[in-house]
Ligand code: MRU
């Protein structure tokens, strides 16, 4: 079993601290929007869908700490909370989807009110708690559906490779890419799974292989630079990854290194599957060129486990994500179905 990622109890959100995994299971408590945003920024929690769920909880948390005396003041508090939360990380659409949804829900409730009263304010907070719980539950259900649809794409004895962590730890359900692998394993279709370590933040080494081990999926960890060799020699049947944001034409932003895997998969004629819930698809962006790529600190590249591994003072580039062109993607699996081929028309059709 993978420990719960988020536990909400009135006024506080306990967040599984993924920075400590796989060695220690511990929780950090956040109590308002700023603390929620900081936990997202500092990678206490990560993975697009989970970031979205935490962002949703940030709103009732924030309002519980406040005592406004009018609806106007309440709306300002909500607007500020949305601004703080949206500034946490730029690439995963789920964060913006959840923040907009919570803001719209609150605005709709307030628009139906006449007089302000503390009792009505408390009812608003409860309604936002229910909405955040809904965001969470929708994610859990989407993962289960994508797991089933994705597992259908795999044949018995499949050998698969996944990148970063698109598992239970990145969602409130069984995960996206890893959910497909564990579901296919439950159906006896997985012979072997490879997880690439995912430099520089090591989500594959610290999180994915831990999940696969716990789910008893026969698996091995590889370093990122082993992927081409294994695609040539190990009989890999599918590459399965998650996504942070998908443009209207299917270009997909995911963890840095995904694009390289897609190029290699194309060369070796291995199917390349993206598994992502619909709040990942950004219909407002024509192509992947418009996706904002997060630049993270160079220390995350130059230090491993707190130890400097490069010359002192050296600067390092650290784009957190890259964009895989739609033409390299065999299919995108959402909770609504399988999009194949991946192009503007097929994506539009699913909606
Ligand atoms: O920087 P991270 O760890 O948040 O990046 C996570 C990924 O890139 C995942 O592949 C993506 O969010 C999909 S998670 C279901």
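Throughout, read-outs are computed from the coordinates displayed, never taken from laboratory work. A quick note: this is a predicted structure, and the numbers were derived from the prediction, not measured. We place every Cβ from the backbone using ideal geometry, glycine too, and count neighbours over all the protein chains shown.
Each residue of the chain gets 133 Å³ once the volume of the Cα convex hull is shared out per residue. From the largest down, region 1-138 spans 52, 27, 24 angstrom on the principal axes of its Cα atoms.
To the nearest ten degrees, helix 118-152 and the longest principal axis of the Cα atoms of the chain are 10 degrees apart. Each Cα pair of region 147-350 feeds into the Kirkwood radius, which the Stokes-Einstein equation turns, at 10 °C and 1.306 mPa s, into a diffusion coefficient of 93 µm²/s.
Roughly how many Å is it from the Cα centre of region 191-266 to that of region 272-303, as a whole number? Cα centroid to Cα centroid, the span is 15 Å. Could you give the Stokes-Einstein D for region 53-132 in µm² per second, using the C-alpha Kirkwood radius, 20 °C, 1.002 mPa s? Diffusion coefficient, whole number: 171 µm²/s. Each residue in 255, 120, 348, 155 was given a count of other beta-carbon atoms within 10 angstrom of its own, and listing them fewest first yields 155, 348, 120, 255. Modelled spin-label separation between residue 289 and residue 126, with each label point placed 7 Å from Cα along the Cα-to-Cβ direction: 5.2 nm. With respect to the chain, whose longest principal axis is taken over its alpha-carbon atoms, helix 71-86 is tilted by about 20°. Scaled against the 2.2 N^0.38 Å expected of a compact globular protein of N residues, the Cα radius of gyration of region 48-203 reads 1.31.
Annotation for region 85-111 versus region 44-61: alpha-carbon center distance of 10 Å.
Which percentage, to the nearest 5, of the DSSP beta bridges contained in the chain is antiparallel? In the chain, approximately 50 percent of DSSP beta bridges are antiparallel ones. Against the main long axis of the alpha-carbon atoms of the chain, helix 177-186 sits at an angle near 70°.
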